[in-house]
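These notes are about the structure you will find just below.
The values are calculated or read from the model by the stated rules, or taken from the named source; none is laboratory data. Given the structure is predicted, the values throughout are model-derived calculations rather than measurements. Neighbour counts run over all protein chains shown; Cβ positions are idealised from the backbone, glycine included.
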2 protein chains.
Amino acid sequence: MGDFLLLTPGPTEVPKRVLDTQSVPMIHHRTKDYQAILERVNRDLQRVFCTAQPVLTFASSGTGAMEGSILNLLRRGDKVLSVSAGKWGERYRDIARVYGLDVKSYELPYGQAVTPEAVGQALKEHADAKAVLLTLCETSTAVTHPVKDVAALTRNSGALLMVDAISGLGCDELRMDDWGVDVVVCGSQKGLMLPPGLSFVAINERAVKMIERSDLPKYYFNFADTLKALKKNDTPFTPAVSLVRGLEEALKMLLEEGMEQVWARHERVARRVRSEVSAMGLKLFAQRASNALTAIVMPDGVASKDVIKTMRDTHKVIMADGQGELQGKIVRFAHMGAACTDAAADRGLTAFRDALEKAGYAAAARR
Amino acid sequence: MGDFLLLTPGPTEVPKRVLDTQSVPMIHHRTKDYQAILERVNRDLQRVFCTAQPVLTFASSGTGAMEGSILNLLRRGDKVLSVSAGKWGERYRDIARVYGLDVKSYELPYGQAVTPEAVGQALKEHADAKAVLLTLCETSTAVTHPVKDVAALTRNSGALLMVDAISGLGCDELRMDDWGVDVVVCGSQKGLMLPPGLSFVAINERAVKMIERSDLPKYYFNFADTLKALKKNDTPFTPAVSLVRGLEEALKMLLEEGMEQVWARHERVARRVRSEVSAMGLKLFAQRASNALTAIVMPDGVASKDVIKTMRDTHKVIMADGQGELQGKIVRFAHMGAACTDAAADRGLTAFRDALEKAGYAAAARR
């Protein structure tokens, strides 16, 4: 299956340098060797998250870290403002509801981005809100919400800004400390170029202060214990050693390139994909496009399923269909992490154009 | 670091066949290829767990699955009987307490095993108990509790038998269905011969029935959702794809050998280690010894730390110190999973004997 190109919005391609770390013999986690790895990893995570704050690592999918951020930073009954315009914003909202928070849900049509004005208005109406839940890259629609502008509002309010950056981090610019984002959640299998299985939460001082007042029960995703262990380059529970070793290499790769260059590469490749797709006469779904992936609206009479099948069977290129109500209607063409190169975009565009033509849409003619 | 031999009670050695699966290119989890892998994995997990019941897989450490079993099978205020005689029994108890269960704690001195009679008495005193929490292999003391005999009592009671088999499964005999164990929790980095990062919970029909009445909030570790997805060879959240592919290979290895042969190998190697250590004039810590590891009491004047250091520095053999109150007092010599071979035991015994001698204890002379 190795000659397939994964242009899916996670898991995405894992670079050879990272893959090579996965098959080295196991080491024990309560050793100086592993502590030294963790020390480097924790330091490099801060650089990649653009923060001087601690970044907690868990063995789980990104959803686990989202849940952890709710569990540890909020109290039962706390008012939170949830912004959603897609499946992943809804997930954060749903987790908050499961834990009995007083969720004020701001739901926009799929494909739209929230405006800072709307969040400002919501913060005025709910001055007692303890948090705003937002998504950096809404992977279901390829929208990026204006995190920087929202942070400019929340940083002067009583509400934490908690950002699901699972698929956006390392693709869309995100400057946690500079912008004043309080909580950044991430997963391993997107911009961080790793296999799935690790999740991350960076929390600033304002967020750390909320841990003590939280009354929601937790054990595995306990931030206080994890923070305490982190100071000794340790973890409360057995870490996913091999994935953490891969993380060390992936972070090194990102920092060798430099985060500004990484973001610029994503912007450049994303612009190119959007421009070529537009030149085919096709509509982009996202009102405010993320650089992590492009959501392409299928023309009348073309089902995304068929286009995806041709790309896979004929070109060995894997892209994703829409989720939920968007299934069959859009193709999600990811250019994330290690799959964000001109060569990968070329192969993706060639496959996409051919698949559209085979589905009866003369894309090439409209260029 | 690859020429070290890990005789630690997890993570333990990962076989070459499994390591090789870790560096193959990433595949996407919402594909027929991955579904086919998951179908084989789910079937083989049942064989290894000796059950016809579903075995749920999570991306987390074993503790996550322990927490999941409490969260999904019990209600706030439910009475549970916790049996503990070491750190891991205490962990199960502590998780139950965090979630507001009415925990009746039966605590034995470290090194002892519970008697079925004591559990029978506790079940009589608390006929309304909803669960008994027990540990197959108490890794902190190298004791195995009499799971089979306790199951003979719980299967005719109103209480589920929930067994933490994280380090015991694949080492100590455990026949879930035949014995009538209701819940079996496991982790990947012990008898299953994988890197850490996956956890498992097998639940029988009696346990599945408890899911509906549970009122504890959960999201990531949601058994109902996981069971529903499992029926379609899917998972609610992105699985740890690479570790699951390693799992496929590790399960295949276990089943090629056969579970009875795997247990017999552990019993044979464990007996040999215990016998050689006893012949050195040393005391074994466990009253009822697990076949997963041997806990060796240090003679007067010998600190386990020094023995462990010599083994590591001179022989490249890694063993573990005692935990908590046992730190400095015992050496834990694991013979788990892929490290359970005569060759590994030989190397471990040679290293151990030499380290003891260097610490001033003439082990060889007493053979």
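Structure values in brief
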{"read-out": "Members of region A:340-367 that are surrounded by 23 or more Cβ atoms within 10 Å (Cβ to Cβ) and under 19 Å from the mean Cα position of the chain (by Cα)", "value": "A:Cys340"}
{"read-out": "Residue match in region A:26-35 (condition: more than 8 Å from chain B (Cβ to nearest Cβ), of a type outside the set (D, E, K, R) and not in a loop (DSSP other than H, G, I, E, B))", "value": "yes"}
{"read-out": "Every residue from region B:5-16 that is more than 7 Å from every other protein chain (Cβ to nearest Cβ) and under 23 Å from A:Arg17 (Cα atoms)", "value": "B:Pro15, B:Lys16"}
{"read-out": "Checklist (1) of a type in the set (A, V, I, L, M, F, W, C); (2) within 7 Å of chain A (Cβ to nearest Cβ); (3) surrounded by fewer than 24 Cβ atoms within 10 Å (Cβ to Cβ); (4) in a loop (DSSP other than H, G, I, E, B) applied to B:Leu19, failing item", "value": "(4)"}
{"read-out": "Count of region B:119-149 residues which are more than 26 Å from A:Tyr219 (Cα to Cα), small (Gly, Ala, Ser) and touching a strand residue (DSSP E or B) at 6+ places or on another chain (Cβ under 7 Å)", "value": "1"}
{"read-out": "Test: residue in region B:176-183 that is under 24 Å from the mean Cα position of the chain (by Cα), more than 30 Å from A:Val24 (Cα to Cα) and within 13 Å of chain A (Cβ to nearest Cβ)", "value": "no"}
{"read-out": "Positions within region B:192-222 being more than 14 Å from every other protein chain (Cβ to nearest Cβ) and surrounded by 17 or more Cβ atoms within 10 Å (Cβ to Cβ), in sequence order", "value": "B:Ala202, B:Ile203, B:Asn204, B:Arg206, B:Ala207, B:Val208, B:Met210"}
{"read-out": "Search result, residues across region B:313-328 that are surrounded by 17 or more Cβ atoms within 10 Å (Cβ to Cβ) and charged (D, E, K, R)", "value": "B:Asp321"}
{"read-out": "When residues of region A:287-297 are limited to those that are surrounded by fewer than 24 Cβ atoms within 10 Å (Cβ to Cβ) and not β-branched (Val, Ile, Thr), the one farthest from A:Pro109 (Cα to Cα)", "value": "A:Ala289"}
{"read-out": "Residue in region A:263-285 that is within 25 Å of A:Ser188 (Cβ to Cβ), in a loop (DSSP other than H, G, I, E, B) and outside the structural domain of A:Cys137 (by TED's automatic domain parsing) present", "value": "no"}
{"read-out": "Residue within region B:18-39 that is of a type in the set (D, E, K, R) and under 23 Å from B:Ser167 (Cα atoms) present", "value": "no"}
{"read-out": "Residue count, region B:281-303 (criterion: more than 22 Å from B:Thr12 (Cα to Cα) and at pLDDT 95 or above)", "value": "9"}
{"read-out": "Flag for A:Asp33 being surrounded by 23 or more Cβ atoms within 10 Å (Cβ to Cβ) and either at pLDDT below 95 or over 23 Å from A:Leu194 (Cβ atoms) (or both)", "value": "no"}
{"read-out": "Cβ pairs under 9 Å, 6+ apart, first in region A:324-338 and touching a residue at least 40 places away in the same chain (Cβ under 8 Å) and in a strand (DSSP E or B), second buried (at least 21 other Cβ atoms within 10 Å of the Cβ) and of a type in the set (D, E, K, R)", "value": "A:Ala334/A:Lys190"}
{"read-out": "Any hit, region A:39-51, residues being outside any helix (DSSP H, G or I) and within 13 Å of chain B (Cβ to nearest Cβ)", "value": "no"}
{"read-out": "Residue within region A:37-55 that is farther than 22 Å from A:Lys252 by Cβ and hydroxyl-bearing (Ser, Thr, Tyr) present", "value": "no"}
{"read-out": "Matching option when the condition is of a type in the set (A, V, I, L, M) and closer than 22 Å to A:Val80 by Cα, among A:Ala224, A:Ala240, A:Ala229", "value": "A:Ala224"}
{"read-out": "Residue check, B:Leu255 among the aliphatic types (A, V, I, L, M), away from chain A (no Cβ under 14 Å), surrounded by fewer than 18 Cβ atoms within 10 Å (Cβ to Cβ) and within 30 Å of B:Ser157 (Cβ to Cβ)", "value": "no"}
{"read-out": "Qualifying positions in region A:268-286 - surrounded by fewer than 16 Cβ atoms within 10 Å (Cβ to Cβ) and in contact (Cβ under 8 Å) with a residue 60 or more places away in the chain", "value": "A:Ala279, A:Gly281"}
{"read-out": "Residue count, region A:102-126 (criterion: touching a Gly at 6+ places or on another chain (Cβ under 7 Å) and closer than 23 Å to A:Lys209 by Cα)", "value": "1"}
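Okay, residues lined up against (1) within 14 Å of another protein chain (Cβ to nearest Cβ); (2) over 30 Å from A:Glu260 (Cα atoms):
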position: A:Leu284; (1), (2): no, no
position: A:Met311; (1), (2): yes, yes
position: A:Met319; (1), (2): yes, no
position: A:Gly324; (1), (2): yes, yes
position: A:Gly328; (1), (2): no, yes
position: A:Arg332; (1), (2): yes, no
position: A:Cys340; (1), (2): no, no
position: A:Ala344; (1), (2): yes, no
position: A:Gly348; (1), (2): no, no
